[in-house]
1. Mind checking whether some residue in segment 84-98 is touching a helix residue (DSSP H, G or I) at 6+ places or on another chain (Cβ under 9 Å), surrounded by 11 or more Cβ atoms within 10 Å (Cβ to Cβ), farther than 28 Å from Pro123 by Cβ and among the small types (Gly, Ala, Ser)?
2. From the list Glu91, Glu112, Glu100, Glu63, exactly one residue is without any contact (Cβ under 8 Å) to a residue 24 or more places away in the chain, out of contact with any Gly (no Cβ under 9 Å at 6 or more places or on another chain), of a type in the set (D, E, K, R) and over 19 Å from Asn135 (Cβ atoms). Which is it?
3. Could you count how many residues in segment 71-109 are within 26 Å of Lys41 (Cβ to Cβ) and either touching a Lys or Arg at 6+ places or on another chain (Cβ under 6 Å) or part of a loop (DSSP other than H, G, I, E, B) (or both)?
4. Do we find that Leu25 is more than 22 Å from Asp132 (Cα to Cα), outside any loop (DSSP other than H, G, I, E, B), without any contact (Cβ under 8 Å) to a residue 60 or more places away in the chain and not charged (D, E, K, R) in this structure?
5. Answer yes or no: is there a residue in segment 59-76 that is among the aromatic types (Phe, Trp, Tyr), over 23 Å from Ser120 (Cα atoms), surrounded by 12 or more Cβ atoms within 10 Å (Cβ to Cβ) and more than 18 Å from the chain's Cα centre (by Cα).
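Only the coordinates and a few stated rules stand behind these numbers; no lab work does. Worth saying up front: this structure is predicted, and the values here are computed from it rather than measured. Quick reminder, even Gly has a Cβ in these numbers, built from the backbone with ideal geometry, and neighbours come from all protein chains shown.
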Amino acid sequence: MRTRHLRRKNLGLTLVEIVAVTILLALIAGGAIVAISGQMKTARINTAKSQIGIIENSVSLFEVTCGFKPNAIADLENPPTSRRCKGYPEEGFLEKGVPEDPWNMEYNFAKEGSKVRIWSNGPDGEEGTSDDVRNWETDDLQE
């Protein structure tokens, strides 16, 4: 009889053991969430850089085909209305259209002389802040 009583007592976990395991699992999950969120931010920035590169390539292809640079990012999707472009492809220069940035905003586009500036306002959605992702260096603005 005595052995049977001992076996029943050892079958379950105490409340302290359950709480300890729960706390450990919460700490592990919290650490994983912090690590993943940092990776997500980096992935979004890298995606924006890649998309800007694709748009830049489309601008170059537009210039070679049309003989001039686009005035607006929309000129990469639809023929420009300001000037005629011979050889403008039916699907435009961006087959899937101009993508949204990773924060679901439109890319900004500005033609400044011979340069084309393309940028995303970044995670905060505010233009001109340090988290903007762009295709030029700050020093380039002095040129």
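1. yes
2. Glu91
3. Here the count works out to 13.
4. yes
5. Yes - at least one qualifying residue is present in segment 59-76.
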